[in-house]
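So the structure is just underneath, and the comments pick up after that.
The values are calculated or read from the model by the stated rules, or taken from the named source; none is laboratory data. Nothing here was measured: the structure is a model prediction, and the numbers come from that model. Glycine also receives a Cβ, built like all others from the backbone with ideal geometry; neighbour counts cover every protein chain displayed.
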Amino acid sequence: MIQGMDQLPPPLEGITVVAVEQAVAAPFATRQLADLGARVIKVERVDGGDFARGYDTAAGGLASHFVWCNRGKESIALDLKDPRGLALVRRLVTRADVFVQNLAQGSAARLGLDAATLCAEHPRLIAVDISGYGSGGPYAHKRAYDMLVQCEAGLVSVTGTPEQPVKAGIPAADVAAAMYAFSGVLAALVRRGATGRGGPVEVSMLEALAEWMGHPLHHALHGGTAPARTGLAHAVIAPYDAFPTADGVLVLLSVQNDREWRRLAEQVLGRPELGTDPAFATNAARVENRERTDELAGKALGALDADEAMARLEGAGIACARLRDVHELAGHPQLAARERWREVGTPVGPLRALLPPITLPGGTGPSMGDVPALGQHTGPLLRAVGMTDSEIAELRRDGVVA
């Protein structure tokens, strides 16, 4: 009998992940696994834990980065510099399907927790090394924080205004590496299902973000020049920018082809003759005459309030959007209509959180478990690997666990 779609278990149910992780890249990757039903055991330092716990206190007294990246995990606090603490991690790994680490380059290898070492010891294990620049090359041991990698990967060079480059407002390098680590684990699990063998997975922040730089990179490689920084405008499309409306809202519009331009000219600008005017009739002409093109669009939208501007643009079949701030995102009508908000438990009480964007109908839904306190699960996890209460008490007394 085929199992009914309404009875499907979480896709990663039964998978155990051990993660020696900190900051964003590895924690965000393993949170995706936890949301899909994996058991994620987060190994933290005894002296404060994952340093992302201390970034801020914006989430009801907790760090916003930590709340975002660490729901649904079990926290065990260990001193990896003590041989007893390191031995405990190794005991956890013997029961794991996946191991993930993003320690400073070289640290995992010194501890014997690098992917190559662990996979040699445990052939079914999938072990992931996440680093800033990869395991070799002249940058291998260079410090790699998100903003630094954004600079090295060229993202900052194409983001901002003509006068001022700026970094992305989110940790783009961390998120890129996290998502490739996540997809790498899923691919390795599929391969293990066919072959019975796991293996190492390597992801670097630089290489992940370099892949995301594909458009400007190919533009420069094959066209000779990098796309110019254009703020909210598009380097090779016009009109494509944000324009203020009469009530002060910024509305962004994007004309993708010449048919859309003709509709914009007729139904929004009120100037149908511009649809065939050689100065504007093609995208190449509009880009060459960007200042005049934008002036026409800005004048038309500036005479309308935001709701009317959006209605006119949508009526003409022109892609458009409001420029929202983060508070407006939290109240976005589309997220509300699709019921994308849930509450997750934390040490300071329930906090709102978005459902993960992967929707798998017919299952039990994403796990979205609680955000753990530091060392919240140390005792139960150590008992599960065979330690007695007296042995655990001794380790606590010696500062090996917390």
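Here Thr359 fits the description: within 20 Å of the chain's Cα centre (by Cα), of a type outside the set (Gly, Ala, Ser), in a loop (DSSP other than H, G, I, E, B) and more than 15 Å from Ser64 (Cβ to Cβ).
Taking (1) surrounded by fewer than 16 Cβ atoms within 10 Å (Cβ to Cβ); (2) closer than 28 Å to Phe182 by Cβ; (3) among the aliphatic types (A, V, I, L, M) in turn, Leu351 satisfies each apart from (1). The residue of the range 242-253 that is nearest to the chain's Cα centre (by Cα), among those that are of a type outside the set (A, V, I, L, M) and buried (at least 17 other Cβ atoms within 10 Å of the Cβ), is Phe243. Suppose we filter Val175, Val203, Val190, Val166 for residues that are closer than 30 Å to Ala127 by Cβ, in contact with a strand residue (DSSP E or B) (Cβ under 7 Å, 6 or more places away or on another chain) and either assigned by TED's automatic domain parsing to the domain that holds Ala127 or modelled with pLDDT under 95 (or both); which single one remains? None of the others qualify; the one that does is Val203.
In the range 330-379, which residues are within 21 Å of Ala402 (Cα to Cα) and either in contact with a Cys (Cβ under 9 Å, 6 or more places away or on another chain) or in contact (Cβ under 8 Å) with a residue 24 or more places away in the chain (or both)? Across the range 330-379, the qualifying residues are Thr346, Pro347, Val348, Asp370, Val371, Pro372, Ala373, Leu374, Gly375, Gln376, His377, Thr378. Is there a residue being in contact with a Leu (Cβ under 6 Å, 6 or more places away or on another chain) and among the hydrophobic types (A, V, I, L, M, F, W, C) anywhere in the range 227-244? The answer is yes, given that some residue of the range 227-244 is in contact with a Leu (Cβ under 6 Å, 6 or more places away or on another chain) and among the hydrophobic types (A, V, I, L, M, F, W, C).
Please tell me if Ala52 is in a helix (DSSP H, G or I), of a type in the set (Gly, Ala, Ser) and surrounded by fewer than 24 Cβ atoms within 10 Å (Cβ to Cβ). Here the answer is yes, as Ala52 does meet what is asked. Criterion first (surrounded by fewer than 23 Cβ atoms within 10 Å (Cβ to Cβ), over 28 Å from Gly196 (Cβ atoms), touching a residue at least 40 places away in the same chain (Cβ under 8 Å) and among the acidic types (Asp, Glu)) does Asp82 satisfy it? It is true that Asp82 is surrounded by fewer than 23 Cβ atoms within 10 Å (Cβ to Cβ), over 28 Å from Gly196 (Cβ atoms), touching a residue at least 40 places away in the same chain (Cβ under 8 Å) and among the acidic types (Asp, Glu).
Check whether at least one residue in the range 95-109 is at pLDDT 95 or above, among the polar types (S, T, N, Q) and more than 12 Å from Gln22 (Cβ to Cβ), and report yes or no. No, the range 95-109 contains no residue that is at pLDDT 95 or above, among the polar types (S, T, N, Q) and more than 12 Å from Gln22 (Cβ to Cβ). The selection criterion, being among the charged types (D, E, K, R), buried (at least 18 other Cβ atoms within 10 Å of the Cβ) and assigned by TED's automatic domain parsing to the domain that holds Gly315, holds for Arg262. Scanning the range 183-192 turns up no residue that is in contact with a Gly (Cβ under 9 Å, 6 or more places away or on another chain), touching a residue at least 24 places away in the same chain (Cβ under 8 Å) and surrounded by 22 or more Cβ atoms within 10 Å (Cβ to Cβ). On inspection, Arg39 qualifies as in contact with a Ser or Thr (Cβ under 6 Å, 6 or more places away or on another chain) and among the charged types (D, E, K, R).
Entry remark, the range 97-136: residues being in contact with a Cys (Cβ under 6 Å, 6 or more places away or on another chain) and either assigned to a loop (DSSP other than H, G, I, E, B) or of a type outside the set (A, V, I, L, M, F, W, C) (or both) number 1 in total.
For the residues Pro216, Pro200, the requirement of being surrounded by 14 or more Cβ atoms within 10 Å (Cβ to Cβ) and assigned to a helix (DSSP H, G or I) singles out Pro216. Counting residues in the range 375-390 that are surrounded by fewer than 18 Cβ atoms within 10 Å (Cβ to Cβ), of a type in the set (Gly, Ala, Ser), modelled with pLDDT of 95 or more and not in a helix (DSSP H, G or I) gives zero.
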